[in-house]
1. Can you compute 3J(HN,Hα) from phi for each residue in the range 48-60, using the Karplus curve 6.51 cos²θ - 1.76 cosθ + 1.60 with θ = phi - 60°, rounded to whole Hz and x for Gly and Pro?
2. With a 10 Å radius around each residue's Cβ, average the other Cβ atoms per peptide and rank 55-68, 158-171, highest first.
3. From the backbone phi of the range 37-43, what are the Karplus-calculated ³J(HN,Hα) couplings (6.51 cos²θ - 1.76 cosθ + 1.60, θ = phi - 60°) in whole Hz, Gly and Pro given as x?
4. Among 183-196, 75-88, how do they line up by average Cβ neighbours within 10 Å per residue, starting with the highest?
5. Mind checking the dipole of the chain: about its Cα centre, +1 per Lys or Arg Cβ, -1 per Asp or Glu Cβ, Debye to the nearest 20?
6. For a test of the definition: using alpha carbon positions, the gyration tensor, and the 1.5 limit on a/c, classify the range 105-214 as rounded, prolate or oblate.
7. Report ³J(HN,Hα) in whole Hz for each residue of the range 127-140, in order, from the Karplus equation J = 6.51 cos²θ - 1.76 cosθ + 1.60 where θ = phi - 60°; Gly and Pro get x.
8. Taking +1 at the Cβ of each Lys and Arg and -1 at the Cβ of each Asp and Glu, which of Val52, Ala167, Leu197 sits farthest along the dipole of the chain towards its positive end, judged by Cα position relative to the Cα centre?
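Computed from the coordinates by the stated procedures, all read-outs in this text should not be read as laboratory data. Keep in mind the model is a prediction, meaning the values are calculated, not measured. In this analysis, Cβ positions are derived from the backbone assuming ideal geometry, glycine residues included, and neighbour counts consider all displayed protein chains.
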Amino acid sequence: MTAAPAPPGRPPARSARSEGSRALILDAAVACLVEDGYAGASTLAVQARAGVSRGRLLHHFPSRAELLVAAAGHLSTTLLAEVEERAAAVMADQPPGPERVDRAIDLMWATFHEPPFWAAMELWTAARTDPGLRTALQVEERRLRAAIRRVADGIWGPEIAAAPLYAELCELLFTSMRGVACVYAFADRPAATDPHLALWKRLAARLLFASSEG
């Protein structure tokens, strides 16, 4: 009997190995970036941690900028999925109103103290003087912002997300939280009791509910 011809494309085993090595490289890059910062996340350090050959690393990521931006995106995407799951559990029976707003802000603030935020901080700082990294990061940032907006909409819920000033409020909260979170790089204090939380909650309630009433 004549054997059936192999389907076009890479053989499944080879494809699986390739995806497996890519995942190893990304996980290693994430670990280097979070633990050792941008300066310590060299391609050699990532290669050694991943246990792959130089050729294998360059096959997937021809430049350091592409590697580290992909690693940050990989980490952020994973976190966003976890945030989405946590939000679904916490917000499941929470009707729209001030209490839901407070919980949504607590969830948003918590994400600024996870590894993806600090990995991104390392890249943003380095991008100021690295044109290649800056270009790669701009592309990933657009994709990530769209994903963050989708997750945020789910946290707030459709009723609140329909408020006239919702989009402006989210932008203000993201930029403000990002700035305040930077202080925690050197401040030894619990983020859950940050005084800005009360301010953000009062501002959100005023903008969201005042706009719907007015």
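1. Each residue of the range 48-60 in turn: 5, 5, 6, x, 10, 6, 4, x, 5, 5, 5, 4, 7 Hz.
2. Highest to lowest by the protection proxy: 55-68, 158-171.
3. Residue by residue, the range 37-43 yields x, 4, 4, x, 9, 6, 5 Hz.
4. For the peptides 183-196, 75-88, the packing ranking is 75-88, 183-196.
5. Its charge dipole is roughly 840 debye.
6. Oblate shape, in that a/c is at least 1.5 and b/c is the bigger or equal ratio.
7. With coefficients 6.51, -1.76 and 1.60, one gets 5, 4, 10, 10, x, x, 5, 4, 5, 5, 6, 4, 5, 5 Hz.
8. Result: Val52, furthest along the dipole toward the positive end.
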